[in-house]
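To start, the structure itself, in structure tokens.
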Amino acid sequence: MSTIKNNMDSKKHLVYEKDLDGLKLLDIKNIDGDIKIISGENSIPSLKIYAYYDDYNTEAKKEVDSFIKDKLHIDYNDGKLVLNSESARRSITINVFKSREIYSNGYSTDILIELPLNYRLKNIHLKSSNADLKLDGIQFDFAKLKTSNGDIKLFDIKGDNFNLITSNGDLIVNDSTFAKGYLTSSHGDIKIHSDDFKEVEASTSLGDIKLRDIYGTPSKIDLKTSMGDIKLDLSDIKTDQSINVQASMPGSVNVADRFILKNPSKHSAVGYTNTKFKITTEINAQTSMGDVEVR
């Protein structure tokens, strides 16, 4: 059973649920709340909404029910779920976990989509602020995930293409298989571990970029950071590798011995491996204030 689901159940009240038989498309906008999509043992997809409120506040429970019914936009038709909480948070105030903290813009709700094992979605569009977006054990054709103050995490996914965008948070993709991934963060780290992919483009302004335990036969890896380090461990991939890595002063470049370098310097290196594989991986890594390491 997914730890994501367990964490959500242990902290919040289930206030809404709906079966989504035939689900193919997701378009969810949720303010101040996490969005999670996971696979489980259920036979059909389902939607669950969780809300924070004080266990001992009976008025809060009534207000939450009214909030879900009258102000939270939920529409499911022809396999497409549209859920939008952006316009709902304006007037309600609550206490959270018996504290005195007041949310003047309304209730904080978390969205959970549960899918059967090996269930594949066509399109996923998720948007949130001040919250995390997480996909665990699911399959999809295309996904675009965006949050303004939170992390985006993909675990054990199988997808064609995805686009991950966060302004203040980390981007993490682990144990996954995909064709093309585009990852952009303004203030956060990017970590891609134990993945099989064809193309990755990743950029961050203030953060590190790390790729390790990559396998398969990637064709393109393009990494950029303004103020951070870049670390790549690509020793397990079965391709020739062509590199162009740069670090502006005072950064430095450290490249593994398997590369044949052309005009290497402390701050840049252009080179290739000559292992006679049929596929070549083009590697570009640039940082303005940091180090680059390729293993």
- Here are several values of percent of Cα pairs over 34 Å apart: (1) 38; (2) 31; (3) 21. Which one was derived from the coordinates shown? (2)
- Message: Using a 10 angstrom Cβ neighbour count of at most 11 plus a DSSP loop assignment to flag exposed chymotrypsin sites (Phe, Trp or Tyr not before Pro), which longest range of the chain is free of such sites?
- Response: 98-295
- Item | Heavy-atom accessible area ranking, 1.4 Å probe, most first, across Asp21, Asp32, Asp65 | Asp21, Asp65, Asp32
- Task: Rounded to the nearest 500, what is the 222 nm mean residue ellipticity of the chain from helices alone, with -39500 (n - 2.57) per DSSP H run of 4+ residues and division by all residues?
- Result: -2500 deg cm²/dmol
- Once a ≥ b ≥ c are taken as the square roots of the eigenvalues of the Cα gyration tensor of the range 187-292, is the result rounded (a/c under 1.5), prolate (a/b larger than b/c) or oblate (a/b not larger than b/c)? oblate
- Using only Cα atoms, tell me the angle between helix 58-70 and the longest principal axis of the chain; keep it within 0 to 90° and round to the nearest 10. 70
- Message: Give me the 1.4 Å probe accessible area per residue for the chain, excluding ligands and nucleic acids, in Å².
- Response: 47
- Which net charge results for the neighbourhood of Asn244, defined as the other residues with beta-carbon distances under 11 angstrom from its beta-carbon, given Lys and Arg at +1 and Asp and Glu at -1? -1
- Note on the structure: Whole-Hz Karplus couplings 3J(HN,Hα) for the range 129-136, θ = phi - 60° and coefficients 6.51, -1.76, 1.60, Gly and Pro as x, run 9, 6, 6, 9, 10, 9, 10, 9
- Where the centre of each part is set by its Cα atoms, how far does the range 260-288 sit from the range 190-225, in angstrom? 15
- Note on the structure: Sorting Val292, Val270 on solvent-accessible surface, 1.4 Å probe, most exposed first, gives Val270, Val292
- If you roll a 1.4 Å probe over the chain with all protein chains in place, what percent of the accessible area is carbon or sulfur? 45
- Which whole-number percent is the relative contact order of the chain (Cα, under 8 Å, 6+ apart)? 12
- Taking all protein chains together and a probe of 1.4 Å, list Glu282, Glu41, Glu199, Glu63 from the most accessible to the least accessible. Glu41, Glu282, Glu63, Glu199
- Taking the Cα centre of the chain as origin, work out the dipole magnitude from +1 charges on Lys and Arg Cβ and -1 charges on Asp and Glu Cβ, in debye rounded to 20. 480
- Message: Taking the Cα centroid of the range 109-156 and of the range 13-62, what is the distance between the two, rounded to the nearest whole Å?
- Response: 13
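The values are calculated or read from the model by the stated rules, or taken from the named source; none is laboratory data. No experiment lies behind these values; they were computed from the predicted model shown. For neighbour counting, all protein chains shown are included, and Cβ atoms are generated from backbone atoms with ideal geometry for every residue, glycine included. These accessible areas exclude ligands, DNA and RNA; they are computed on the full protein's heavy atoms, side chains included. Shrake-Rupley method; radii C 1.70, N 1.55, O 1.52, S 1.80 Å.
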